[in-house]
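The values are calculated or read from the model by the stated rules, or taken from the named source; none is laboratory data. Here the structure is a predicted model, which means the values were calculated and not measured. For neighbour counting, all protein chains shown are included, and Cβ atoms are generated from backbone atoms with ideal geometry for every residue, glycine included. We work out accessible area using only protein heavy atoms, side chains counted, and drop any ligands, DNA or RNA first. Shrake-Rupley method; radii C 1.70, N 1.55, O 1.52, S 1.80 Å.
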Amino acid sequence: MHKYETIINWSDEDEAFIAEVPELPGCMAHGDTRQVALSRVSDAIKLWLNTAREHGDAIPEPIKAND
């Protein structure tokens, strides 16, 4: 499992929670709740990584938090 930073914000424009993964450009998902957005962005991360591998693109390492 990859541990990429995920930022979840409410969007008034979309009337949904938006989950975004800054380290993976364009990787984001939305949902009616934070939990749904987080679940969907987990799927989006998998798809992003699979697509990058298929095309031979570089895959950023997750940022390591200071423990």
Calculate how steeply helix 34-55 sits against the longest principal axis of the alpha-carbon atoms of the chain, using the helix alpha-carbon long axis, and give the answer as 0 to 90 degrees to the nearest 10.
30
Take the Cβ-Cβ distance between VAL36 and GLU5 as r, set R0 to 25 Å, and report the resulting FRET efficiency rounded to the nearest 0.05.
0.85
Would you mind telling me the share, in percent, of accessible area of the chain contributed by carbon and sulfur at probe 1.4 angstrom?
50
Can you tell me, using C-alpha contacts under 8 Å and at least 6 residues apart, the relative contact order of the chain as a whole percent?
26
Using a 1.4 angstrom probe on the protein heavy atoms only, line up LEU47, LEU38 by accessible area, largest first.
LEU47, LEU38
Which value in Å is the Kirkwood Rh of the chain over different Cα pairs?
12.5
How much accessible area per residue does the chain have, counting only protein heavy atoms and a probe of 1.4 Å, in square angstrom?
77
